[in-house]
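The values are calculated or read from the model by the stated rules, or taken from the named source; none is laboratory data. What you see is a predicted model; the values in this text were computed from it and never measured. Backbone-built Cβ (ideal geometry, glycine too); neighbour counts: all protein chains shown. Each accessible area value is taken on the protein alone, full model and side chains, heavy atoms only, with ligands, DNA and RNA left out. Shrake-Rupley method; radii C 1.70, N 1.55, O 1.52, S 1.80 Å.
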Amino acid sequence: ADTEENIIMKCNIRGCHGEYEARLIVHTVNYQGEMFLINDVPAEVCDVCGDTLFKPDTVRQIERMLQTEMQPVKTVPLYEFA
């Protein structure tokens, strides 16, 4: 029997022939008017077009992180495109 880890998923984007693969990504979130970067987020990413999917548990964990008074590990500058 296939386990969840070795099931190959075709990309959901019309016309893309890629497949999703497990990766750790940097995810950007705009939450209550502030920008947050979250490093090492587990995601499924299409190897052709880059479409990204999160498991429901990952989304819930990100939401919990944003709602707590977490201290960032690092801060980065934010630039406006002019």
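For the stretch 23-82, a residue qualifies if it is aromatic (F, W, Y) and farther than 30 Å from I7 by Cβ, and the qualifying residues are Y31, F36, Y79, F81. Inspect the stretch 65-80 for any residue being at pLDDT 95 or above and open to solvent by less than 70 Å² (accessible area, probe 1.4 Å) and give the result as yes or no. Among the residues of the stretch 65-80, not one is at pLDDT 95 or above and open to solvent by less than 70 Å² (accessible area, probe 1.4 Å), which makes the answer no.
The set of residues from the stretch 39-69 being aliphatic (A, V, I, L, M), over 19 Å from C11 (Cα atoms) and either part of a loop (DSSP other than H, G, I, E, B) or touching a helix residue (DSSP H, G or I) at 6+ places or on another chain (Cβ under 8 Å) (or both) comprises just one member, V41.
Count of the stretch 3-38 residues, restricted to those that are on the phi < 0 side of the Ramachandran plot and either part of a loop (DSSP other than H, G, I, E, B) or touching a residue at least 24 places away in the same chain (Cβ under 8 Å) (or both), is 22. Sub-9 Å Cβ pairs linking a first residue in the stretch 71-82 that is within 14 Å of V26 (Cβ to Cβ) and charged (D, E, K, R) to a second residue that is part of a loop (DSSP other than H, G, I, E, B) and open to solvent by 100 Å² or more (accessible area, probe 1.4 Å), at least 6 apart or interchain, number zero. Against the numbered list (1) open to solvent by 90 Å² or more (accessible area, probe 1.4 Å); (2) at positive phi, G50 comes up short only at (1). Under the condition of being open to solvent by 80 Å² or more (accessible area, probe 1.4 Å) and under 17 Å from T68 (Cβ atoms), the residues counted in the stretch 15-34 number 2.
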